[in-house]
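The numbers here are math on the coordinates, done by the rules we state, and not lab data. A quick note: this is a predicted structure, and the numbers were derived from the prediction, not measured. Please note: Cβ atoms are built from the backbone with ideal geometry, for glycine as well, and neighbour counts cover all protein chains shown.
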Amino acid sequence: MTEVKSQRQILLTDAGHGAADSLSGGELSHGLTEGEAAFLAKLKEKKGTMPLSPPAKLGVDASALQRLQRRGLIEISRDGTGN
């Protein structure tokens with residue numbers, strides 16, 4: 001029996017897309033740190049999804065990911081479909 005390993009994904013939500021769009025338009029930071037805003041922009045460039053990696057590899061720390069998730073700007077899914 002083979003086990004399918006699920007790669008967890010970081011997904012940009014609709015709210016995250018809106019925040020990334022307005023950040024790139026020079027609007028206020030929505031209360032995000034520079035690193036969080038840069039991460040949203042990077043995620044948007046990658047079509048709104050990227051594999052969950054160690055935070056250092058993502059260029060953002062774990063607490064920033066948690067803040068973005070709590071604000072509803074990103075989701076972390078088990079299989080890339082939001083589940």
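Each residue of segment 32-46 was assigned a 3J(HN,Hα) from its phi angle through the Karplus curve 6.51 cos²θ - 1.76 cosθ + 1.60 (θ = phi - 60°); the sequence is 8, 6, 4, x, 5, 5, 5, 5, 4, 4, 5, 5, 5, 4, 8 Hz, with glycine and proline shown as x.
Candidates G31, A64, H17 compared by Cα position along the dipole of segment 12-77: farthest toward the positive end lies A64, with charges placed on Cβ. Computed extension gain for D61 through R8, at 0.36 nm per residue and net of the alpha carbon distance, reaches 17.4 nm.
Sorting I76, I10 by the number of Cβ atoms found within 10 Å of their own Cβ, with the fewest placed first, yields I76, I10. Label-to-label distance for S22 and K42 is 2.3 nm, based on points extended 7 Å past Cα in the beta-carbon direction.
Where nothing but the Cβ of Lys and Arg (+1) and of Asp and Glu (-1) is charged, how large is the charge dipole of segment 12-77 around its Cα centre, in debye to the nearest 20? Mind dumping the intermediate values first?
On the way: 8 positive and 8 negative charges, 43 e Å.
Approximately 200 debye in magnitude.
Here the ratio of the Cα radius of gyration of segment 12-77 to 2.2 N^0.38 Å is 0.98.
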